[in-house]
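Here is the structure we will look at, set down as structure tokens.
The values are calculated or read from the model by the stated rules, or taken from the named source; none is laboratory data. Bear in mind that the values here come from a model prediction, so they are computed numbers and not experimental data. Glycine gets a Cβ as well: all are built from the backbone with ideal geometry, and neighbour counts include every protein chain shown. These accessible areas exclude ligands, DNA and RNA; they are computed on the full protein's heavy atoms, side chains included. Shrake-Rupley method; radii C 1.70, N 1.55, O 1.52, S 1.80 Å.
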Amino acid sequence: MIAERARTHPPKRWNLAPVHAGAAELAGRLKVSPLVAQILLNRGISEPEACHKFLKPTLKDLHDPALIFGLPKAAERIARAIAAGEKITIYGDYDVDGITATSILWHAIKLLGGDVHYYIPHRIDEGYGLNGEAIEELCKSGTQLLITVDCGVTAIEPAKVAAACGVDLIITDHHEWKETEANAECGMQNAELRENQTASDSAVHSALRILHSALLPVAYAIVHPRLPLADGSTYPNPNLCGAGVAFKLAWGIGQAVNGAAKVSDAFRAFLVEATALAALGTIADVVPLVGENRILAHFGLGGLKASKLTGIRALIESANLTGKTLDSFHVGFLLGPRLNACGRMGHAALAVEMLTVADEGRAIEIATYLEQQNRERQAMEKTILQMAIDQIAACGYASEECSALVVAGEGWHPGVIGIVASRLVERYHRPVVMIAIHEDGHGQGSARSIAGFHLADAFTTCGEHLISFGGHEMAAGLKIDSKCIEAFRAAFCAHAKELLTPEQMLPQINLDADSSLGQINHALVTDLKRLGPFGQGNRKPLLCCRNITLALPPRRVGKTGDHLQLFLKQGTTSMKAIVFNGSRWFDELQQGKTVDLAVEPTINEFNGRVSVELDVKDLKIV
């Protein structure tokens, strides 16, 4: 039992943050608990003004949309199209970020009087990004201005199709482009230009802009938060998601239509309402919830509960969350998966319809269907996950010699394998590539990674075995001939073995502070909530509780008994705790045992009774 647990659930390395000497003083100035001050300092937030902004986000701290590369030009063109009555089509993506980005821009243009439509490609039939055939059909249908959201920055060939059709193309995206090549070339050209003492800064920036342009699609405008402006500067928040970029573009269009830096009162009200859609995309796309992203998530989460959008209300009702205060957990694990389900199992255009043109009856109908799709997705995910685990065990891929996992299977649904890859990363803590093999002999793969291993770079290294690939550091996709899978597996695993150290393959858990059970009360949990919304880049606070006694034997709970309920005692304080998926510990956690716990304090409300409990993320038997 212990050997099996060690193999499939490797022990985590605990990293406890050092005690900050200035925590008590900062706590006094902020009027928060020393523990909250300690966590702020752990996050690198030390100045009182920055702390106040973190604890009380305001929409006034959102950055000027005009600072994003290409946005003013794009906004002016869209404003002209609205005024001229041109047919505008938004070309979106099929994930939550693309769905919400499409919806934001559709509502903005519609509110301003534009003739606006949308197009969402089919995940399986068309794949990710711009599709040349689809562009031709959209142009034939009368589209005069085509706007992409959450895709397009690498679509060099499809962009040529739009140009050939005589249609202006505006690309809005946040994904990686050929930045590696650009940065390398820019470094060399910058050095060469600097050797010429007469070269001005403007000449350097001009040369670099020309180089960037050669690596990007030809379009009327490209709106991207990481592309440099004419003076060489970049947008203060390079981590905007697609929905965030769409929100900023909508803001810019409102300014262009109004002919002023301010938007109309009606449009301002819309922008506040649109933060709910932006929050859905921001949290679901797992971009860092810091700075501007955190502001959008904070206000958007607050706006979800009272949203006037018919589609959002239907979505919330389908998840049985009507009237509840929503946080990032609800978006990431309840609302987001429902929106994603139709793109994975069917067609994401339904989700966009629900969030845009659908009336109340149709929105409820779609939301109900999304719920059904999500259940089917969960069942399929569970089946494929077990098949992948069995394959890993049968082939010996989980050995210490394997620094990465590449698993493949016939009949696996390509819309689900990305989620399964994430589950495998959680289980084995190494890069994972899941490949669904189609009847025609081609494979479609989805990959997830661990810190320190760049998937897109790895795919480039192993590119000779692939038909195509793309993605980010932590998530990527590929297409491959099934005959090349073994060669790719060998190359990919060899690359991982060369780059990853044993320490990197050991999962880590970062703890914010030591705490006794007596310190964890309702007031503290309420104080800790002020640090939210939580997610990538702003994780939930974790506390280290040492020398805790098990007052009673553990109880198996949950439908299948996979979770454990613990009864803890330290001094005069007693408390309940839950260990999700902790049944593997059952035999060892006997009454009277002493344990160290890595915990997340929570509030449990049941039958009108409110109590503080602990969500145990890891434990060590002392």
Q: Treat every Asp and Glu Cβ in the chain as -1 and every Lys and Arg Cβ as +1, leave all other atoms uncharged, and give the resulting dipole magnitude about the Cα centre to the nearest 20 debye.
A: 2160
Q. Among rounded, prolate and oblate, which fits region 270-364 when a ≥ b ≥ c are the square roots of the eigenvalues of its C-alpha gyration tensor, a/c under 1.5 means rounded, and a/b larger than b/c means prolate?
A. prolate
Q.
Let me test this: with uniform point scatterers at the alpha carbons of region 505-622, what is the Debye-based log₁₀ I(q)/I(0) at q = 0.09, 0.13, 0.14, 0.22 1/Å?
A. -0.24, -0.51, -0.60, -1.40
(Q) If each residue of separation counts as 0.36 nm, what is the full-extension length gain between residue 218 and residue 580 once their alpha-carbon separation is subtracted? (A) 125.3 nm
Q) What trypsin sites (Lys or Arg not before Pro) does region 230-331 have in DSSP loop regions with at most 12 other beta carbons within 10 Å? A) 262, 308, 324
**Q.** At most 13 other Cβ within 10 Å, DSSP loop - GluC sites (Glu not before Pro), region 387-468
**A.** 400, 401, 439
Q | Those lysines that a straight Cα-Cα span of less than 17 Å connects to residue 31, excepting residues fewer than 8 apart in one chain | A | 53, 56, 529
Q. Taking all protein chains as present, what is the carbon and sulfur share of the accessible area of region 1-103, in % to the nearest whole number, probe 1.4 Å?
A. 58
Q) For the chain, what is the accessible area per residue in Å² when the probe is 1.4 Å? A) 45
Q) In terms of Cα to Cα distance under 12 Å, which aspartates and glutamates are near enough to residue 617, apart from those fewer than 8 places away along the same chain? A) 596, 600
Q.
Starting from 0.36 nm per residue, how many nanometres of slack lie between residue 410 and residue 522 once their C-alpha separation is accounted for?
A. 35.2 nm
Q: Quickly work out the residue 457-to-residue 317 label distance, labels modelled 7 Å from Cα along the C-beta direction, and quote it in nm with one decimal.
A: 5.0
Q: Give the Kirkwood hydrodynamic radius (Å, one decimal) of the chain, defined as one over the mean of 1/r across all pairs of different Cα atoms.
A: 26.3
Q: Would you compute, from DSSP H runs of 4+ residues alone, the mean residue ellipticity of the chain at 222 nm, taking -39500 (n - 2.57) per run and dividing by the full residue count, rounded to the nearest 500?
A: -13500 deg cm²/dmol
Q) So how far apart, in nm, are the two label points at residue 555 and residue 464 if each is 7 Å from Cα heading toward Cβ? A) 6.1
**Q.** Label point distance in nm, residue 141-residue 60, each placed 7 Å from Cα along Cα→Cβ
**A.** 4.4
Q.
Restricted to Cα positions, what overall size does region 318-389 have along the principal axes? Three whole-Å values, descending.
A. 43, 28, 14
Q. Based on the Cβ-Cβ distance from residue 16 to residue 605, what FRET efficiency comes out when R0 is 35 Å, to the nearest 0.05?
A. 0.70
Q: Could you rank the peptides 137-146, 68-77, 340-349, 96-105 by their average count of other C-beta atoms within 10 Å per residue, with the highest value first?
A: 96-105, 340-349, 68-77, 137-146
Q) Among 14, 545, 107, whose Cα lies farthest out toward the positive end of the dipole of the chain, if unit charges sit on the beta carbon of Lys, Arg (+1) and Asp, Glu (-1)? A) 545
Q: Place a +1 charge on the Cβ of each Lys and Arg in region 274-326 and a -1 charge on the Cβ of each Asp and Glu, then give the dipole magnitude about the Cα centre in debye, rounded to the nearest 20.
A: 200
Q.
Leaving out ligands, DNA and RNA, and with a 1.4 Å probe, what % of the accessible surface on region 250-340 is carbon or sulfur?
A. 57
Q.
From zero outward in steps of 10 Å, how is the percent of C-alpha pairs of region 312-438 spread across the bins?
A. 12, 36, 27, 17, 6, 1
**Q.** Segment residue 546-residue 133, length gained on full extension (0.36 nm per residue, minus Cα span)
**A.** 142.5 nm
Q | chymotrypsin sites (Phe, Trp or Tyr not before Pro) lying in DSSP loop within region 389-474, provided at most 16 other Cβ fall within 10 Å | A | none
Q. Sorted by mean Cβ packing within 10 Å, highest first, what order do the peptides 29-41, 496-508 take?
A. 29-41, 496-508
Q. Dipole of region 547-596, Cα-centred, from +1 at each Lys and Arg C-beta and -1 at each Asp and Glu C-beta, to the nearest 20 debye?
A. 180
Q: Using only Cα atoms, locate the centre of region 549-622 and the centre of region 443-488, then give the distance between them in Å, rounded to an integer.
A: 40
Q) Which value, to two decimals, describes the C-alpha radius of gyration of region 471-510 once divided by 2.2 N^0.38 Å? A) 1.49
Q) Using the reciprocal of the averaged 1/r over all distinct C-alpha pairs, how large is the Kirkwood radius of region 88-186 in Å? A) 14.0
**Q.** Spin-label proximity, residue 233 to region 58-75 - amide N less than 18 Å from point 7 Å beyond Cα toward beta carbon
**A.** 61-73
